[in-house]
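Throughout, read-outs are computed from the coordinates displayed, never taken from laboratory work. All of these numbers come straight from a predicted model, not from anything done at the bench. Neighbour counts are summed over all protein chains in view; Cβ atoms, including those assigned to glycine, are modelled from backbone coordinates with ideal geometry.
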Amino acid sequence: MQTAEQTLDEILNLAAVHFKVPREKLSPDDDFFKTLEVDSLQTLDLLTKLENHFRVELPDYELQGVSDFRTLAGKIQARL
């Protein structure tokens, strides 16, 4: 099983590729709506990719209010 830091790193790498931004531009505590300048639909697309990548299902109620990579990684890590 991978560590929380490994999960976080994978999320940041996948987000960078998905939104075509340099990985260095993203940090764990970034608000992805502000940093990536994405809307909720684009965020849902990323979440779908993350669910497929990690082979987990994240219920909507668990994601309410989640807007930073570190919190998202914690939610995914709890499902692994």
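Annotations
- Selected residue (only one of VAL56, VAL66 is without any contact (Cβ under 8 Å) to a residue 60 or more places away in the chain and crowded, with 16+ Cβ neighbours inside 10 Å): VAL66
- Residue satisfying all of: in region 1-51; loosely packed, with under 14 Cβ neighbours inside 10 Å, aliphatic (A, V, I, L, M) and without any contact (Cβ under 8 Å) to a residue 40 or more places away in the chain; farthest from PHE69 (Cα to Cα) among these: LEU41
- Residues that are part of a loop (DSSP other than H, G, I, E, B) and of a type in the set (S, T, N, Q) within region 1-31 comprise GLN2, THR3, SER27, listed in sequence order.
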